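Here the structure comes first, spelled out in structure tokens, and everything after it is commentary.
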Amino acid sequence: HLDAAETIYSQLGNDLGIAYVILRRDLVWHQIEDTDVPIDRFPEALGIARRHAHDWLAAGIHNDLGLINLRKGEFAEGIESLFNAPAVAERGRY
């Protein structure tokens with residue numbers, strides 16, 4: 001369903017919807033431990049969140065990216081992303 005949702009958001013020109021799909025899809029991939037795929041799309045989703053000044057979405061992206069990096073053994077990157085998540089969420093703009 002997430003692929004269909006992304007197609008619909010794309011057809012509507014709703015890039016914020018696309019960013020949400022990327023984040024939600026990550027949750028599925030993360031749970032099945034397929035950690036290579038979501039990282040490829042995170043910069044795109046984070047860029048969309050920043051363009052829309054949507055700090056809650058950006059914080060969620062930082063959080064998930066941190067968890068994925070920790071699972072992959074990339075501890076410095078994981079910790080940095082996890083520390084970025086609450087800092088971004090504190091701004092709380094969206």
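The values are calculated or read from the model by the stated rules, or taken from the named source; none is laboratory data. Keep in mind that what you see is a predicted model, and the values were worked out from it rather than measured. Positions of Cβ are generated from backbone atoms using ideal geometry, with glycine treated the same way; all protein chains shown enter the neighbour counts. Surface areas here come from the heavy atoms of the whole protein model, side chains and all, with no ligands, DNA or RNA. Shrake-Rupley method; radii C 1.70, N 1.55, O 1.52, S 1.80 Å.
With a sphere of radius 11 Å drawn around the Cβ of G47, what net charge do the other residues whose Cβ falls strictly inside it have (Lys, Arg +1; Asp, Glu -1)?
+1
Taking a probe of 1.4 Å, how large is the accessible area per residue of the chain, in Å²? Intermediate results must be reported in sequence, preceding the final value.
Working: 5590 Å² over 94 residues.
So the chain comes to 59 Å² accessible per residue, rounded to a whole number.
Given labels modelled 7 Å from the Cα in the Cβ direction, how far is it in nm from L2 to H52?
In this crude spin-label approximation the distance works out to 1.6 nm.
Would you work out which of I32, L82, L70 lies farthest towards the positive end of the dipole of the chain, given +1 charges on the beta-carbon of Lys and Arg and -1 on that of Asp and Glu, about the Cα centre?
Toward the positive end, the furthest listed residue is L82.
Need one number: nm distance between label points at A76 and L12, each 7 Å from Cα along Cα→Cβ, rounded to one decimal.
For the pair A76/L12, the computed spacing is 4.2 nm.
Run the accessible area of the chain with a 1.4 Å probe and give the carbon-and-sulfur part as a rounded percent.
56
For the chain, with only Lys/Arg (+1) and Asp/Glu (-1) charged at the beta-carbon, what is the dipole magnitude about the Cα centre, in debye rounded to 20? Walk me through the numbers before you get to the answer.
Values: 9 positive and 15 negative charges, 71 e Å.
Once rounded to the nearest 20, the dipole reads 340 debye.
With springs only between Cα atoms under 10 Å, which of A53, A19, A76 fluctuates most in a Gaussian network model of the chain?
Answer for the Gaussian network model of the chain: A76.
Here are several values of Cα extents along the principal axes in Å: [x] 70, 22, 21; [y] 38, 31, 16; [z] 39, 38, 22. Which one was derived from the coordinates shown?
Checked against the structure: label [y].
Please check: in the Gaussian network model of the chain (C-alpha springs, under 10 Å), which one of L12, L27, L46 has the largest mean-square fluctuation.
Among L12, L27, L46, the largest GNM mean-square fluctuation belongs to L12.
Could you order R25, R71, R41 so the one with the most accessible surface comes first? Probe is 1.4 Å.
Output order, biggest surface exposure first: R71, R41, R25.
Report the relative contact order of the chain, percent, no decimals, based on alpha-carbon pairs under 8 angstrom and at least 6 residues apart.
Over the chain, the number comes to 24 percent.
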